[in-house]
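Scroll down for the structure; my scribbles are underneath it.
The values are calculated or read from the model by the stated rules, or taken from the named source; none is laboratory data. Quantities reported herein were computed from a predicted structural model and do not represent experimental measurements. Backbone-built Cβ (ideal geometry, glycine too); neighbour counts: all protein chains shown.
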Amino acid sequence: MSSKRINPTILVIIMLGIGLQITFAHSVSTNIVVIFVTCLYLCYCKASGKLLILTSLYAFPLALGSWWSFIMFGTGDVWHTAWIYASRVYAYLYLGAIVTLTVSVKNILLSLSLHLKLSSTFVYGLLASFNLLGRIKHQYKTIRYSAMMRGTTYHFWNPSLYLRVIIVALNWSQDLAEAMTSQGFTEGAARTLTYKDNLPKWQWCLATFLILLYFVFSFLVRPW
Amino acid sequence: MSISLKVEDLTFTYSIDSKPIFERLNFELPLNSFNLLIGPSGSGKSTIFKLMAGLYPQYSGIKNNGRILLNGQEIADIVPFERARHVAMLFQNPSRQFAMKTVFEQLVFALENIQYPAHLIEKRATEVLKKSNLWQFKDRILQTLSGGEQQRVALATVLVLDSSIIFLDEPFANIDNVSRLVILNELKQLQLTQHKTIFISDHDISNYNGLVDHLYEIKLSSQNLVELPLTELAKLPAQTKVTQKNLPDNAVFSWHNLSFHIGQRLLLSPNSLNIPKGYVGLLSGDNGIGKSTLFAAFSHQKKYSGNVLYNGKSSEKIRLRNWARTVANIFQNSSDQFIKLHADEELDFSQSNSLHSEYWTAQRIQDAVNKLDLIQVLKHVNYQLSGGQQKKLQALIILIMSQPVMLFDEPFAGLDLNSLENLLMLIKQTTKDLGLSTLIISHQRRGVVEHIDYELLMDEQTIKRLGEF
């Protein structure tokens, strides 16, 4: 990982620290600043433009929906409230994107276990299930096809389809847990960690600074 | 370091109200030796291995009595990272034993678990991958490897842990004979040069003669492990070939210029062939050559170019729902086939939807169930059946459906010779009676080829009918 990038742990802290405040802040301008700054960082990291545009498009109906409902049914300063809620959707989205689009799931989880002592059972359980996601998608198709071979159709709204997916996933998790145990994985025990990342002190300062800065502006200065 | 593994007076059951699988079992694993465990499917081969590897009763079942001692200490009480240095295991289901994404990450994960020194991990993983001839797979994504390749990676994971006792639970179910021999010899070398103790369970006893020091069998009658004389291994009939027959030219299922890729790799270059109606064919070929993918293409589960034809009409425009009533794919992984929870529900469901309900009368189904020895497990949950019982149930529920084209992918994996013969006879009878076109992928040739009508070989991106070219 390039040392000029922000450490995944710091990114998660920034995401949570600012994201939580956004929920209570009543300022359009700070939301826009968040969107702007996170977009800059995403460009700097050369995050996938296609994914970014795609997620932005997905979020559009949500933003429009909340904007429109405040304009139509809101009370008080409806324009201000409408824009707060609309911009909030995108502020959340890009805050999330600085974590998910610039670092792999594996590095996020390992970094959190290294710096924030996240339990390794949690980390490797999640990692294993992420690695199985492709199989689960495939399994969904297989189950539908097996049903067809037996002369019945499972439509995507059919609960028995998901029941089957869950049963299969449970079976996998049992097999996987047995295999991991036999490979020496022990819940709560120490393990060697070969994952290394760079977390200079200034990045902790950066996170604190950004979170405080956001706090001061959105709750004390409170611009429009 | 001296090590011992002993089972004393063990009684084990899966649930309180069922009969114990083992009763008062006593066994001591001979060290620095190569051991083979045989026994009919469902007799408890996986169970005894998982017990001796310390995984049961933690993950399943109840130990009513007795002890399993690793170096004099109850094995279930030893923490997994300690245990893994002594005892490791290779599982029946190749794809479900990996926590990580790539081959290299998987080996590193195992080493981290046993607290191997950080600075030596990369070196150790590299060394084992090179020794196992898996170096070129280093960065491959595990879930995209073939069953055989996955099993080789799983073996490398066990080797990297350097455990002294290695259990291998039906490890060759999805591996072709060439790789199987390579791995067997590799295991023998590990035993001879590194003093490992190897314990394999296998339904197929061919090629073990001369390798094995001790042969064991689970006796269902006494629920115990008995040692058999090694001469049992030499009693095998000679490997037979499919006898060429003149088959009628009555094909209803064929393909024209069929070809497909996996990723960048071409698996089949344009190929045209047909298969006769009312006969059972064997599709052979090496591991990873694309046999399962061919079945996936036939059943419209995988994109291809060219045409798959039924009754001379191309099938590509046919809706999957209807095509699934023409071509049935009996998956390598049995549990993928099940759509109900219990064995008897599966049978009832097939019976009511069968394309040949006049043939599959209640009596005929009953006979088939008896023949396949599934009678005691009808009320059981599918997933809790043994690997072999799942295979038999899976094959039966699709046979009852009786699609005109039947594609069986490794239906005999994990079956003992007796079960195998009964299942194969049932497949053959149904194929003949109903005029189906049946094709079977089977690495296991013994006990199979003598009943096969023709053989297709998949090799070098082509498929040809043996004896014709």
For a quick check of your reading of the model, give me the residue pairs whose first member lies in the stretch B:73-102 and is within 7 Å of chain A (Cβ to nearest Cβ), whose second is part of a strand (DSSP E or B) and not small (Gly, Ala, Ser), with beta-carbon atoms closer than 7 Å and at least 6 apart or on different chains. B:ALA88/B:ILE166; B:MET89/B:PHE167; B:MET89/B:ASP169; B:PHE91/B:ASP169; B:LYS101/B:ILE141
Just to check your reading of the model, which residue among B:ASN246, B:ASN257 is assigned to a loop (DSSP other than H, G, I, E, B) and more than 25 Å from the chain's Cα centre (by Cα)? B:ASN246
Of the residues in the stretch A:135-172, those that are more than 9 Å from chain B (Cβ to nearest Cβ) and within 26 Å of B:PHE167 (Cα to Cα) come to A:ALA169
Here are the criteria: (1) farther than 29 Å from B:ASN209 by Cβ; (2) surrounded by 14 or more Cβ atoms within 10 Å (Cβ to Cβ). Tell me which single one B:SER2 does not satisfy. (2)
Out of the residues in the stretch B:192-214 that are under 25 Å from B:ARG85 (Cα atoms) and crowded, with 19+ Cβ neighbours inside 10 Å, which is farthest from the chain's Cα centre (by Cα)? B:LYS196
Does the stretch B:102-157 hold any residues that are aromatic (Phe, Trp, Tyr) and within 16 Å of A:LEU176 (Cα to Cα), and which are they? B:PHE109
Some residue of the stretch A:110-118 being within 16 Å of the chain's Cα centre (by Cα) and buried (at least 21 other Cβ atoms within 10 Å of the Cβ): yes
Scope the stretch B:304-319; condition charged (D, E, K, R) and within 14 Å of chain A (Cβ to nearest Cβ); matching residues: B:ARG319
Of everything in the stretch B:103-143, what is part of a loop (DSSP other than H, G, I, E, B) and among the acidic types (Asp, Glu)? Give them in sequence order. B:ASP139
Inside the stretch B:261-324, counting only strands (runs of 3 or more DSSP E) that do not spill past its ends, which hold 2 or more residues that are among the polar types (S, T, N, Q)? B:265-275, B:305-310
Taking first residues from the stretch B:302-318 that are over 9 Å from B:HIS256 (Cα atoms) and second residues anywhere that are in a loop (DSSP other than H, G, I, E, B) and among the aliphatic types (A, V, I, L, M), the pairs with Cβ under 6 Å that are 6 or more apart or on different chains are B:ASN311/B:VAL252
Give the residues of the stretch B:182-191 that are closer than 22 Å to B:GLU232 by Cβ and either more than 17 Å from the chain's Cα centre (by Cα) or outside any helix (DSSP H, G or I) (or both), sorted by residue number. B:ASN185, B:LEU187, B:LYS188, B:GLN191
Residues of the stretch B:208-231 being outside any strand (DSSP E or B) and closer than 26 Å to B:LEU181 by Cα, which ones? B:TYR208, B:ASN209, B:GLY210, B:LEU211, B:VAL212, B:ASP213, B:PRO229, B:LEU230, B:THR231
Could you go through the stretch A:185-199 and let me know if any residue there is part of a loop (DSSP other than H, G, I, E, B) and at positive phi. yes
What are the residues in the stretch B:320-374 that are more than 8 Å from chain A (Cβ to nearest Cβ), among the aliphatic types (A, V, I, L, M) and closer than 23 Å to B:LYS303 by Cα, if any? B:VAL327, B:ILE330
Any residue that is closer than 30 Å to B:LYS6 by Cβ and either at pLDDT 95 or above or within 11 Å of chain A (Cβ to nearest Cβ) (or both) - is there at least one of those in the stretch B:116-137? yes
Quick check on my filter: what residues within the stretch B:14-44 are at pLDDT 90 or above and within 26 Å of the chain's Cα centre (by Cα)? B:LEU29, B:SER33, B:PHE34, B:ASN35, B:LEU36, B:LEU37
Kindly indicate whether any position in the stretch B:275-286 is of a type in the set (Ser, Thr, Tyr), under 27 Å from the mean Cα position of the chain (by Cα) and within 14 Å of another protein chain (Cβ to nearest Cβ). no
From B:SER292, B:SER299, grab the single residue that is within 14 Å of another protein chain (Cβ to nearest Cβ), in contact (Cβ under 8 Å) with a residue 60 or more places away in the chain, touching a strand residue (DSSP E or B) at 6+ places or on another chain (Cβ under 9 Å) and within 26 Å of B:VAL182 (Cα to Cα). B:SER292
Tell me, which residue of the stretch A:122-134 that is more than 9 Å from chain B (Cβ to nearest Cβ) and of a type in the set (A, V, I, L, M, F, W, C) is nearest to B:ASN333 (Cα to Cα)? A:LEU133
